[in-house]
Amino acid sequence: MAVLRPGFAVEASAYDEQPDTRHVAAYLDGAVVGCASVFPSPYEDEPLAWQLRGMAVSDGLQGTGVGAKVLLGAIDIVRDARAPLLWANARVTALGFYERLGFAVVGEEYLHGPLRLPHKIITLDL
Ligand SMILES: CC(C)(COP(=O)(O)OP(=O)(O)OC[C@H]1O[C@@H](n2cnc3c(N)ncnc32)[C@H](O)[C@@H]1OP(=O)(O)O)[C@@H](O)C(=O)NCCC(=O)NCCS
């Protein structure tokens, strides 16, 4: 929440509306320093797709490999669920991160989320 929705109530960063939601966290000295959530969420003509939300790393640890480890853990969960595709609304500022991990950037830019930041759809075939 401190990274993705600073100044918003904690409910703005709750990503487990669905019972099947799985969360991945990285810990340092007992504190969460990285997180991501994945859950079944149809995408276009792929009803069995899963969606990624809440991908974040603590400010002081960004760029140190934590995000990649968390995202690879989340991808493993989605693969184990035999989903054919993982997708997300990705901040334009983070597109390079997702591309490094194999995602494709799809379509036009749009404003999204409570902060109305520029986003693009990203997809990963599994
Ligand atoms: C985006 C974010 C999750 C990435 O996590 P991270 O721990 O900083 O990334 P890593 O250190 O694991 O980087 C993995 C690779 O992606 C690259 N990368 C990381 N962030 C990047 C960015 N914003 N743009 C381009 N490349 C990036 C790294 O250089 C690294 O490349 P390498 O394999 O060549 O070394 C993190 O920076 C973050 O929380 N940012 C603020 C919140 C945010 O934008 N979340 C995503 C919302 S969609």
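Looking at the P(r) of the chain, how many percent of alpha-carbon pairs lie beyond 25 Å? More than 25 Å apart: 19 percent of the Cα pairs in the chain. Computed with a 1.4 Å probe over protein heavy atoms only, the accessible area of Thr93 comes to about 140 Å². Taken about its Cα centre, the range 1-57 carries a charge dipole of roughly 260 debye when the Cβ of each Lys and Arg holds +1 and the Cβ of each Asp and Glu holds -1. The charge dipole of the chain, taken about the Cα centre with unit charges on the Cβ atoms of Lys, Arg (+1) and Asp, Glu (-1), comes to about 300 debye, rounded to the nearest 20.
Can you list the GluC sites (Glu not before Pro) in the range 21-126 that are in a DSSP coil and have 14 or fewer other beta carbons within 10 angstrom?
Glu44
Per residue, the solvent-accessible area of the range 71-115 (1.4 Å probe, heavy atoms of protein chains only, all protein chains present) comes to 57 Å². Beta bridges from DSSP with both residues in the chain: antiparallel share about 95 percent, rounded to the nearest 5. What part of the accessible area of the chain, given as a whole %, is carbon or sulfur when the probe is 1.4 angstrom? Carbon and sulfur together cover 53 percent of it.
The values are calculated or read from the model by the stated rules, or taken from the named source; none is laboratory data. Because the structure is a prediction, the values reported are computed rather than measured. In this analysis, Cβ positions are derived from the backbone assuming ideal geometry, glycine residues included, and neighbour counts consider all displayed protein chains. SASA here: full protein model, heavy atoms, side chains in, ligands and nucleic acids out. Shrake-Rupley method; radii C 1.70, N 1.55, O 1.52, S 1.80 Å.
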